Amino acid sequence: MKDNKKKKTAGTTVPERERVDNAYKWRLDHIYSDKELWEKDYATVKERLGEFSSYRGKLGNSPDMVRACLDLEEELGIIMGRLYVYACMKSHENTHLSEFQGLADRAGSLLVRFSTEISFIVPELSLMPEETLRSYSGDGSLKEYSFFFQDIIRQKEHVLTPPEEKILAMAGELAQGPDNIFTLFTNADLKFPRIKDEKGEKQQLTEERYQKFIKSTDRKVRKKAFKKLFGTYNDYQHSLSAMYSASIKGDLFNARTRKYVSTLEAALDRNNIPAGVYDTVVDTVRNNLDPLHEYVEYRKQMLQVRKLHMYDLYVPLVEETQKDIPYSDAISIVRKSLEPLGEDYLGVFDRGISEGWVDVYENKGKKNGAYSWGSYGTHPYVLLNYNGTLRDVFTLAHEMGHAIHSWYSHSNQPYIYGDYTIFLAEVASTTNESLLLRYLLKNSDSREDRMYLLNYMLEQIRTTVYRQTLFAEFERKVHRMVEEGEALTSEVLKALWHRLNFDYYGPSIVVDNRIDIEWARIPHFYSSFYVYQYVTGFSAATCFTDKILSGGEEDRNSYLEFLKKGSSDYSINILKEAGVDMTTSEPLEITVKRFRSALEEMKGQ
């Protein structure tokens, strides 16, 4: 495979998709070789959705009736997954083409209909007597569904009567109101002013451009971007606090209606995560803030500023040392870093690279960013916009981690358990990144390279572990306040946010008052108690990396078995069986130790 470095990584002109070598495009024809086959499957699913009506209200008749219904769900679900994934990924190749945007819209609408048609299954099973469910679980024809029934039995106490469940379902759209309003307001209505860039030219400030401006080496630029962005949010503080308060009240309504002790318990119970895991995350990180304070002081010294401000937190301390890395070199680097995972894992990696899993380069109209996707019954796919930077190499490792996790899960689990939970989603991808980082550190041959990599590690832990824990502590506090009947005014939310930033970042930084409104721009807060999973995922990955690099074949095999589990057990149990116990503080302590070690080494360089 020829790798044209200049054309593919550093070119200033974005090519049309037709001009990108097919060797660097994913092979969606592995799903559908032509549109007619897609249309045929679309028609099949559309026509057969009505078959579910013959099972509604009859699942208690016999195990055979349940098995037939679940078989139908699996059969049509696999086809539906292919339809949706193909249409969406095809539209991402060139978002300007209305043909495939229309295909994606049709697939999305059909997916909603499919989800609606199967929505009766779990509630209907939940209302059956526990003895009946246990007998179904022990039936030979339903043996592979035993964990599925076990989880239904576990949650039975939180299932309401059919009329009550119907009312809750009808209220579902209302519950999504605050999130929908926030999304529309921040994406469509909220406008930011123009600011001058490094060249003195006026640029329209947006959330996406803010990510670039806040890392600018020109302090005036990042200060101006910081003030204007948060100043704009602050102008709408009362409306934004009302949106967020309404969202939390919706969480509370749902939790109390379903007889949960708290909103936290209700949110974590979906995956059977003990509330104590959340508390352990917050408490452990809270008890280990000293290394972060030391890092902030070190950042102040490195930037040589009299006062360090919040807008100084993201500017790189060390410029990226490696640029214009050919894609073929990126593959070799990542593959070498993954050798500790063994030949089987490397074989899957090689298949992904050579068999059309990856869409590599940017083209006109292509979706921004990177992701891994696929569906049960297809191999995974990876979208990149590779541009030859070291960060792009990390992105390749990250997304292939997701892809290989999916490949192992789909290959070793039935449809019902083929996907892994959000709690586990970032573990494999972050483990790949961590292995790559350790490999690069071990093989770095210059002080500049090593300084960059150490700072990269520090920033990864700062933003993923410390910052997301700050978010998690804020969420826990404001939900408790609402549970106790307190009002969430903008003044209350801003005061809490200011105090948390002061506690976390320590005495070496000026906690600018404008940061107080930052909570108002975090979309994840509208999916309650979500962000702590970034912390647990990163910490679990750090532990796995240590075990893989310092352990033996048994540790490696335990990790590979973890990748194969899908959702065949509760996430906590899957991790524990692989050697990482997230009910304890140990994974977090190990991660903090890694942070402290990297900081000490960077100081000594």
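Consider the stretch 3-36 and keep the residues that are modelled with pLDDT under 50, of a type outside the set (S, T, N, Q) and touching a helix residue (DSSP H, G or I) at 6+ places or on another chain (Cβ under 8 Å). The one that is surrounded by the fewest Cβ atoms within 10 Å (Cβ to Cβ) is Asp3.
Just for the stretch 546-565: of the residues that are of a type in the set (Ser, Thr, Tyr) and either surrounded by fewer than 22 Cβ atoms within 10 Å (Cβ to Cβ) or over 26 Å from Leu268 (Cβ atoms) (or both), which one is modelled with the highest pLDDT? The extreme case among them is Ser558. Exactly one residue out of Tyr84, Tyr42 is under 27 Å from Val360 (Cβ atoms) and among the hydroxyl-bearing types (Ser, Thr, Tyr): that is Tyr84. Residue pairs whose Cβ atoms lie under 8 Å apart, separated by 6 or more positions or on different chains, with the first residue in the stretch 434-448 and part of a helix (DSSP H, G or I) and the second among the acidic types (Asp, Glu), are Leu440/Asp449. Do the conditions hold for Ile509, that is, is it in contact with a strand residue (DSSP E or B) (Cβ under 7 Å, 6 or more places away or on another chain) and either polar (S, T, N, Q) or touching a residue at least 60 places away in the same chain (Cβ under 8 Å) (or both)? Judged against the criteria, Ile509 is a match. One residue is enough: does the stretch 307-316 have a residue meeting the conditions modelled with pLDDT under 95 and part of a loop (DSSP other than H, G, I, E, B)? Looking through the stretch 307-316, at least one residue is modelled with pLDDT under 95 and part of a loop (DSSP other than H, G, I, E, B). If the condition is being under 28 Å from the mean Cα position of the chain (by Cα) and either farther than 17 Å from Arg467 by Cα or surrounded by fewer than 20 Cβ atoms within 10 Å (Cβ to Cβ) (or both), then the stretch 502-513 contributes Phe502, Asp503.
Based on this model, can you work out whether His96 counts as assigned to a loop (DSSP other than H, G, I, E, B), in contact (Cβ under 8 Å) with a residue 24 or more places away in the chain and within 28 Å of the chain's Cα centre (by Cα)? The answer is yes for His96. Checking each residue of the stretch 190-203 against the condition of being without any contact (Cβ under 8 Å) to a residue 24 or more places away in the chain, under 29 Å from Gly369 (Cβ atoms), part of a helix (DSSP H, G or I) and among the charged types (D, E, K, R) gives no match.
Taking the options Leu437, Leu454, Leu493, name whichever one is surrounded by 17 or more Cβ atoms within 10 Å (Cβ to Cβ), aliphatic (A, V, I, L, M) and within 23 Å of the chain's Cα centre (by Cα). None of the others qualify; the one that does is Leu437. Within the stretch 469-486, the only residue that satisfies the criterion of being free of Cβ contacts under 8 Å to residues at least 12 places away in the same chain and not in a loop (DSSP other than H, G, I, E, B) is Met481.
Here's the yes/no breakdown for (1) among the small types (Gly, Ala, Ser); (2) modelled with pLDDT of 95 or more; (3) surrounded by 15 or more Cβ atoms within 10 Å (Cβ to Cβ); (4) under 30 Å from Pro380 (Cβ atoms):
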position	(1), (2), (3), (4)
Ile79	no, yes, yes, yes
Tyr84	no, yes, yes, yes
Ala87	yes, yes, yes, yes
Glu117	no, no, yes, yes
Pro129	no, no, no, no
Ser137	yes, no, yes, no
Pro163	no, no, no, no
Met170	no, no, no, no
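Scanning the stretch 148-155 for any residue that is within 24 Å of Ser568 (Cα to Cα), among the acidic types (Asp, Glu) and surrounded by fewer than 14 Cβ atoms within 10 Å (Cβ to Cβ) turns up nothing. Regarding Glu473, is this residue of a type in the set (D, E, K, R) and surrounded by fewer than 17 Cβ atoms within 10 Å (Cβ to Cβ)? The answer is no for Glu473. Would you check if Lys249 is part of a helix (DSSP H, G or I), closer than 17 Å to Met310 by Cβ and of a type in the set (D, E, K, R)? In short, no.
The values are calculated or read from the model by the stated rules, or taken from the named source; none is laboratory data. Note that this is a predicted model, so its numbers are computed, not measured. Virtual Cβ from ideal backbone geometry, glycine too; neighbours counted across all protein chains shown.
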